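Peer 1: Submitted below is the structure of interest, expressed as structure tokens.
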2 protein chains.
Amino acid sequence: MAKALFKRNEVIDKSMLLFCRKGFKASSMQQIVETTGLKPGSIYHSFGNKEALFREVLTSYSAKSMAKVRETIDGAESIDEGILLHLKNTVAESINPNYCSCLLVKTQLELAADENKNNLHDFAANRLKKIESLFRSYLEHEYDEETSSERAVSIMLHIFGVRIYGYQQGSAELMLKGLRAGLPWLPWD
Amino acid sequence: MAKALFKRNEVIDKSMLLFCRKGFKASSMQQIVETTGLKPGSIYHSFGNKEALFREVLTSYSAKSMAKVRETIDGAESIDEGILLHLKNTVAESINPNYCSCLLVKTQLELAADENKNNLHDFAANRLKKIESLFRSYLEHEYDEETSSERAVSIMLHIFGVRIYGYQQGSAELMLKGLRAGLPWLPWD
DNA sequence: TTATTTATTGAGTGGCTATTCAATAAATAA
DNA sequence: TTATTTATTGAATAGCCACTCAATAAATAA
């Protein structure tokens, strides 16, 4: 057989950039062809169709997201400090002029009402739930089950909030104040 | 002249339902034709184009949103209780199987990267800022400026959070616990 | 009444959409 | 080598997209 001349990961990463910026629908196959350098036939041969490619991108994206959370928390001096650092990083990201929120969040909103793509919506929802579970399992090292559960939800609400609030220009300081007000149990000083 | 045979408000309300469910791009003019009962030519004659219609819908939507906030808070026994009630209402909305989040939030995420529609994104961002200002001005009746400002941001972060978290099934109780954790200064009992 | 202005109609347009497919190329298996 | 399997190519396709426009209808202005 002819070896695959492209690297699957690179195609997924390049597509991820496009999907993150524009979302599922607004990213056309033509644009995917341009950014990946593959011909239409190759894409369909390797990935099936646009939705399947998107699903692979989503999978990769959520794996990277969870890995980043783990790295940040594991590398911090305490779990609470790691969580705080992750939140600060999320805020810092949103300053970037090319800020494009979170692909899982975007997908959740974009495809909720799409009858055909509903599985993609559920997929994104499940991944977000897993991120919440990750926070909860970290918290359970320090707090009781009830507290950990509540605080994990609270963290997710705040992250979702930042993902949207971040589109307001020059809002980083405001967001940090808001986070501090809502998450006073984190080691802010 | 021939009188307009349709009522502008009704057309906007019907379009609003569609746009809320599907977002800007995924709502086709054909679907707008179907749900409003107008012919394509009439829509273009009366509203200009899809983007202009959408802008009118957004304007109407944000006016309704702000009116609802005002009604809820003005009708409550205290400002804090009114805010709490508004949050509880927002959570309750998200239980609805036809839940479609918030059009301003959706627009913010959908059109941020769209070069042509960037004004729509900015428009939505400004309206969300005005809602934040509304909360702040209410809070300033009870708290100092600094506290009011922080808490208004905190409220917005939580509302945004609910707008996304709400897509998870059966999450109302969890969300309320999370809100209580993040907004302990509200009169929960 | 007649002239003018405005609203409605609905078939039609060009362009973009995701996707396909027969032909070709290249690698391995026999 | 020869046969078989798989990858790549890029032009082609059908369908949907936002949008237009000439014809018609209806209301007011004169």
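The values are calculated or read from the model by the stated rules, or taken from the named source; none is laboratory data. This one's a predicted model, so the numbers in the text were calculated from it and none came from an experiment. FYI the Cβ positions are ideal-geometry reconstructions off the backbone, even for glycines, and counts take in every protein chain you see. For the accessible areas, the whole protein counts, side chains as well, though only heavy atoms, and no ligand, DNA or RNA atoms are used. Shrake-Rupley method; radii C 1.70, N 1.55, O 1.52, S 1.80 Å.
Peer 1: Identify all residues within the stretch B:170-183 that are more than 7 Å from chain A (Cβ to nearest Cβ) and open to solvent by 30 Å² or more (accessible area, probe 1.4 Å); write none if there are none.
Peer 2: Those that are more than 7 Å from chain A (Cβ to nearest Cβ) and open to solvent by 30 Å² or more (accessible area, probe 1.4 Å): B:Gly170, B:Glu173, B:Leu176, B:Arg180.
Peer 1: May I pose another question? Somewhere in the stretch B:137-144, is a residue at pLDDT 95 or above and in contact with a Leu (Cβ under 6 Å, 6 or more places away or on another chain)? Lay out the reasoning, then the answer.
Peer 2: Going residue by residue through the stretch B:137-144, those that are at pLDDT 95 or above are B:137-144.
Those still in the list that are in contact with a Leu (Cβ under 6 Å, 6 or more places away or on another chain) too: none.
No, the stretch B:137-144 contains no residue that is at pLDDT 95 or above and in contact with a Leu (Cβ under 6 Å, 6 or more places away or on another chain).
Rundown of residues vs (1) more than 16 Å from DNA strand D (Cβ to nearest atom); (2) more than 14 Å from chain A (Cβ to nearest Cβ); (3) in contact (Cβ under 8 Å) with a residue 12 or more places away in the chain, yes/no style:
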{"position": "B:Gly23", "(1), (2), (3)": "no, no, yes"}
{"position": "B:Lys39", "(1), (2), (3)": "no, yes, no"}
{"position": "B:Gly48", "(1), (2), (3)": "no, yes, no"}
{"position": "B:Ser60", "(1), (2), (3)": "yes, yes, yes"}
{"position": "B:Lys64", "(1), (2), (3)": "yes, yes, no"}
{"position": "B:Ile73", "(1), (2), (3)": "yes, yes, yes"}
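Peer 1: I would also like to ask the following. Check A:Val33 against each of (1) over 22 Å from the mean Cα position of the chain (by Cα); (2) modelled with pLDDT of 95 or more; (3) near DNA strand C (Cβ under 7 Å from one of its atoms) and name the one condition it does not meet.
Peer 2: So the condition that A:Val33 fails would be (3).
Peer 1: Now, a different point. State whether one or more residues within the stretch B:68-84 are surrounded by fewer than 21 Cβ atoms within 10 Å (Cβ to Cβ) and within 18 Å of A:Ile164 (Cα to Cα).
Peer 2: no
Peer 1: Which of the residues belonging to the stretch B:137-169 are within 11 Å of chain A (Cβ to nearest Cβ) and among the charged types (D, E, K, R)?
Peer 2: Answer for the stretch B:137-169, where residues must be within 11 Å of chain A (Cβ to nearest Cβ) and among the charged types (D, E, K, R): B:Glu146, B:Glu150, B:Arg151, B:Arg163.
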